[in-house]
Each structure stands twice: as C-alpha cells, then as structure tokens.
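This report concerns only the one structure given below.
FYI, it's all coordinate maths here, none of it is from the lab. Nothing here was measured: the structure is a model prediction, and the numbers come from that model. Positions of Cβ are generated from backbone atoms using ideal geometry, with glycine treated the same way; all protein chains shown enter the neighbour counts.
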Amino acid sequence: MAFLRPKKDEYLWIVNNPAGSKDWYPKCNLEDRICGTPIKEDVWLYKYWIKNGRGIHRIHIVSANKSANLAFKNYLSKALETGDWPAEPLPGGAYSLTKVTITVE
C-alpha cells in the first residue's frame, strides 16, 4: 500500500471500529506523528493497543475534514485527560480510506 498523503484540508487518523459495530475509537492523528516511529521515508511503525482484547477489530485510516478533525482532537484530548475511551459515532466529514482487520482470540 502506498503512503497516504492528505489533500488540502484533509486530516488522516487511525481509528478502531470493532466488527459489526457503529462504534468508533479515534486513536491518533497521523499528521501529529505522536503514535508512530519512523522506520524509513514514508514508513512508520505504530503500536496499537486494543482494550477489549477478544474479537474482530477493524483499524481504519480515516479521512477527516476540518470539523471532523476537531471532533477527533476533542475526543482524544478528553480521553487522555480522563482515561475514559467511550465509543463514538463517526462524525460527519469523516470516512474510511482503507482498513486492516485484526482478529484477537
């Protein structure tokens, strides 16, 4: 997969979406690069922790417009402050670009 480069006014996020659910858990804004380690040009290593281990999880790269980006940033700020990571619906202005499915047994 080629590295995804955001368009103007587009923000890319890593977001977990457990299979069969409408719940979304924003985890990291790729632009901020706070959740990854550069390996080489355009290749990053991301460690991803799934709180509720068992089940099927879909980890998405989500495109967010300015409004959705702000909603994700507010969610992340509050979650880090409180330690509570509630499920959220995907905000308007956000959509999945690609995903990987992970099964945890």
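Using label points projected 7 Å from each Cα along Cα→Cβ, tell me how many nm separate K8 and K40, to one decimal.
Computed distance between label sites K8 and K40 equals 3.3 nm.
With the cut-off at 1.5 for a/c, could you classify region 56-105 from its C-alpha gyration tensor as rounded, prolate or oblate?
oblate
Between K73 and T98, what FRET efficiency comes out of the Förster formula 1/(1 + (r/R0)^6) with R0 = 25 Å and r the beta carbon distance, rounded to 0.05?
Computed FRET efficiency for T98 and K73: 0.70.
With 22 Å as the limit, write out which pairs from K8/K66; K40/K73; K22/K73; K40/K66 have Cα-Cα distances beyond it, or answer none.
Pairs exceeding the cut-off: K40/K73; K40/K66.
Put a dot 7 Å past each Cα toward the Cβ at D23 and E81; how far apart are the dots in nm?
Result for the modelled spin labels: 2.3 nm.
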